[in-house]
Amino acid sequence: MSRVRVLVGTRKGAFVLTSDGKRDAWEVSEPHFAGWEIYHIKGSPVDPDRVYASQSSGWFGQVIPRSNDGGKTWETAGNKFLYDGVPGTHQWYDGTAHPWEFKRVWHLEPSLTDVDEVYAGVEDAALFRSSDGGQSWTELSGLRGHGSGPHWQPGAGGMCLHTILLDPSDPERMFIAISAAGAFRTDDGGKTWRPINKGLRSEFIPDPAAEVGHCVHHIAMHPSRPGVLFMQKHWDVMRSDDAGDSWREVSGNLPTDFGFAIDVHAHEPETIFVVPIKSDSEHFPLDGQLRVYRSKTGGNEWEPLTKGLPQRNCYVNVLRDAMAVDSLDACGVYFGTTGGQVYVSADAGESWKAIVQDLPGVLSVEVQTLP
Amino acid sequence: MIRVELPAHLRTLACVSGEVKVEVGEQATVRAVLDALEVDFPMLCGTIRDHVTKQRRPFLRFFACGSDVSHESMDALLPEAVVRGEEPLLVIGAVAGG
């Protein structure tokens, strides 16, 4: 029977949750890297036992641990993230020029074809690549060199490159997203980039339809249709059918279209999930009711999924990298909260159950479907 | 041999318990100790000082013989008691962060 392994990054360590394909009984590991922030932890699609993690601390900076046994044991890889050339400046919160400074890795995206190749999205926003299993890192500086870099500005959480999507049908194409610059695409393996924000409107910036400056929270893609992208923006849920060349809003009947997480059903490319959050100033569910919303029509028409989720007095948040799906049949959906719960639905969202209730605040959730 | 006491998180990262000992040349300075420490424990590179500038990370402090030597030159000689191994060089995480 197939198994699932859920990799959970939290404010105070990483946890590995495992179950058989029923996804009913779970084993929970002891904390890995106890006391450290684990912004992201993700396994290689080539070899699921190769797992990379972003381990960081305000005291000790960035560390990149790597596992070759599915997260049981770890070794330390490289943590030298040096911007290419003279880093230059971006805009600070007050509009003044501020030098680019490395702070941490937000997201690690292992290659679809090479176990030793992995991408890192960092704060201050830049994209790095390692071709030796995380030992050394090289910036793909064409992104910051796009020309708009000096105009990028941090969002409330920092100026982070938090989303990396690799196109399974085209090894030269990838998508990234930055808060608060927007989404970008390369079609030449990361040498050159262009902003893909046409159709986004952000009323809180000087030019609501600007080419860059949008606070994109997360983007999701179904691997069978890499030209179709779904975005949870600061406000608005958006959809692109042309690889980001243009976007249209699909918030439809959502009770609020603010949120962070978004993901796509493993077997139904038109079925998507979001967790609506009340507002940009109140980062918790509307009315204290934790509800996942599902659209089976690729947006616009949404239904609340509540069975098994707290429907009163719930004031947690679900962060951008804290939702994932497995590829079992029926598709499993997972998300973690800032209150330390990790929920699973083994029936594509119809019903939910807490795997764990009391972890540290969850920063990221990734799922591996294992034979 | 210089005795170095690391904060708990860095002991875990370096897979050591208790103090570590490093060999430095005649110039027993904080810089020399950190150079030796990073050779013996490469996983500590970047966690105590910046990779390039070699500046101490802001929330770490160095203490020797009861004194905070964090703001002294990295090339200042350490106290004799530390050089002779009678006292450790302490690397301490600042009490900060809530």
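Checked against the criterion of being within 23 Å of A:Val228 (Cα to Cα) and buried (at least 19 other Cβ atoms within 10 Å of the Cβ), the candidates A:Asp321, A:Asp329 yield just one match: A:Asp321.
Counting only helices (runs of 4 or more DSSP H) that fall entirely inside chain B and contain at least 3 residues that are more than 10 Å from the chain's Cα centre (by Cα) and touching a residue at least 24 places away in the same chain (Cβ under 8 Å), the qualifying elements are B:8-14.
Collect the residues in the range A:55-68 that are away from chain B (no Cβ under 13 Å) and open to solvent by less than 40 Å² (accessible area, probe 1.4 Å), keeping them in residue-number order.
A:Ser67, the sole residue that qualifies.
Residues checked against (1) within 13 Å of chain B (Cβ to nearest Cβ); (2) among the β-branched types (Val, Ile, Thr); (3) open to solvent by less than 40 Å² (accessible area, probe 1.4 Å):
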position	(1), (2), (3)
A:Ala77	yes, no, yes
A:Arg104	yes, no, no
A:Glu109	no, no, yes
A:Asp114	no, no, no
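Of all the residues in the range A:340-353, those that are surrounded by 16 or more Cβ atoms within 10 Å (Cβ to Cβ) and either out of contact with any strand residue (DSSP E or B) (no Cβ under 7 Å at 6 or more places or on another chain) or over 17 Å from A:Phe273 (Cβ atoms) (or both) number 2. Residues in the range A:20-36 that are touching a residue at least 60 places away in the same chain (Cβ under 8 Å) and open to solvent by less than 40 Å² (accessible area, probe 1.4 Å): A:Gly21, A:Arg23. Of the strands (runs of 3 or more DSSP E) lying entirely inside the range A:164-266, those containing at least 1 residues that are of a type in the set (D, E, K, R) and out of contact with any His (no Cβ under 9 Å at 6 or more places or on another chain) span A:182-186, A:237-240. Within the range A:295-304, being in a strand (DSSP E or B) and open to solvent by less than 10 Å² (accessible area, probe 1.4 Å) holds for one residue alone: A:Ser295.
Yes/no matrix, rows are residues, columns are (1) more than 14 Å from chain A (Cβ to nearest Cβ); (2) surrounded by 12 or more Cβ atoms within 10 Å (Cβ to Cβ); (3) over 27 Å from A:Phe81 (Cα atoms):
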| site | (1), (2), (3) |
| --- | --- |
| B:Pro7 | no, yes, no |
| B:Cys15 | no, no, no |
| B:Gly18 | yes, no, yes |
| B:Lys21 | yes, yes, yes |
| B:His51 | no, yes, no |
| B:Arg57 | no, yes, no |
| B:Leu60 | no, yes, no |
| B:Leu78 | yes, yes, yes |
| B:Glu87 | yes, yes, yes |
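Quick check on the range A:157-177. Is at least one of its residues buried (at least 22 other Cβ atoms within 10 Å of the Cβ) and either more than 25 Å from A:Met238 (Cα to Cα) or in contact with a Cys (Cβ under 9 Å, 6 or more places away or on another chain) (or both)? Taking every residue of the range A:157-177 in turn, none turns out to be buried (at least 22 other Cβ atoms within 10 Å of the Cβ) and either more than 25 Å from A:Met238 (Cα to Cα) or in contact with a Cys (Cβ under 9 Å, 6 or more places away or on another chain) (or both).
Here's the yes/no breakdown for (1) buried (at least 23 other Cβ atoms within 10 Å of the Cβ); (2) of a type in the set (A, V, I, L, M, F, W, C); (3) farther than 26 Å from A:Val275 by Cα:
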{"residue": "A:Ala183", "(1), (2), (3)": "yes, yes, no"}
{"residue": "A:Lys191", "(1), (2), (3)": "no, no, yes"}
{"residue": "A:Glu203", "(1), (2), (3)": "no, no, no"}
{"residue": "A:Pro226", "(1), (2), (3)": "no, no, no"}
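Any residue in the range A:177-192 that is farther than 22 Å from A:Val118 by Cβ and of a type outside the set (A, V, I, L, M, F, W, C)? Checking the range A:177-192: at least one residue is farther than 22 Å from A:Val118 by Cβ and of a type outside the set (A, V, I, L, M, F, W, C).
When each of A:Tyr334, A:Tyr343, A:Tyr315 is tested for being aromatic (Phe, Trp, Tyr) and in a loop (DSSP other than H, G, I, E, B), the lone residue that passes is A:Tyr315. In the range A:37-54, of all residues being open to solvent by less than 10 Å² (accessible area, probe 1.4 Å) and within 14 Å of chain B (Cβ to nearest Cβ), the one that is nearest to A:Val122 (Cα to Cα) corresponds to A:Ser54.
Go through the range A:263-292 residue by residue and tally those that are open to solvent by 20 Å² or more (accessible area, probe 1.4 Å) and not acidic (Asp, Glu).
10
When A:Lys72, A:Lys103 are checked against the criterion of being basic (Lys, Arg) and closer than 27 Å to A:His217 by Cβ, A:Lys103 stands alone in meeting it.
What about A:Gly85, is it within 14 Å of chain B (Cβ to nearest Cβ) and open to solvent by 40 Å² or more (accessible area, probe 1.4 Å)?
On the way: within 14 Å of chain B (Cβ to nearest Cβ): yes; open to solvent by 40 Å² or more (accessible area, probe 1.4 Å): yes.
Considered against the rule, which asks whether it is within 14 Å of chain B (Cβ to nearest Cβ) and open to solvent by 40 Å² or more (accessible area, probe 1.4 Å), A:Gly85 comes out as yes.
Picking from A:Val16, A:Val4, which residue would you name as being assigned to a strand (DSSP E or B) and over 16 Å from A:Ser327 (Cβ atoms)? Show your work before the answer.
Numbers: A:Val4 fails: over 16 Å from A:Ser327 (Cβ atoms).
Only one candidate passes the filter, namely A:Val16.
Scan the range B:23-34 for residues that are surrounded by 15 or more Cβ atoms within 10 Å (Cβ to Cβ) and not aliphatic (A, V, I, L, M) and report the count.
Going residue by residue through the range B:23-34, those that are surrounded by 15 or more Cβ atoms within 10 Å (Cβ to Cβ) are B:24, B:28-34.
Checking which are not aliphatic (A, V, I, L, M) leaves us with B:29, B:31.
Total satisfying the criteria: 2.
When only residues in the range A:92-102 that are open to solvent by 50 Å² or more (accessible area, probe 1.4 Å) and more than 12 Å from every other protein chain (Cβ to nearest Cβ) count, which is nearest to B:Thr53 (Cα to Cα)? So that I can check it myself, show each step before the final result.
Pass one, the range A:92-102, residues open to solvent by 50 Å² or more (accessible area, probe 1.4 Å): A:92-94, A:96-97, A:99, A:101-102.
Those still in the list that are more than 12 Å from every other protein chain (Cβ to nearest Cβ) too: A:92-94, A:96-97, A:99.
On the way: A:Trp92: 23, A:Tyr93: 26, A:Asp94: 27, A:Thr96: 24, A:Ala97: 21, A:Pro99: 15 Å.
Taking the candidates together, the pick is A:Pro99.
The values are calculated or read from the model by the stated rules, or taken from the named source; none is laboratory data. Here the structure is a predicted model, which is why all the values come from computation and not from measurement. Don't worry about glycine lacking a Cβ; one is built from the backbone with ideal geometry, like all the others, and counts go over all protein chains shown. Side chains included, ligands, DNA and RNA excluded: accessible areas come from the protein's heavy atoms. Shrake-Rupley method; radii C 1.70, N 1.55, O 1.52, S 1.80 Å.
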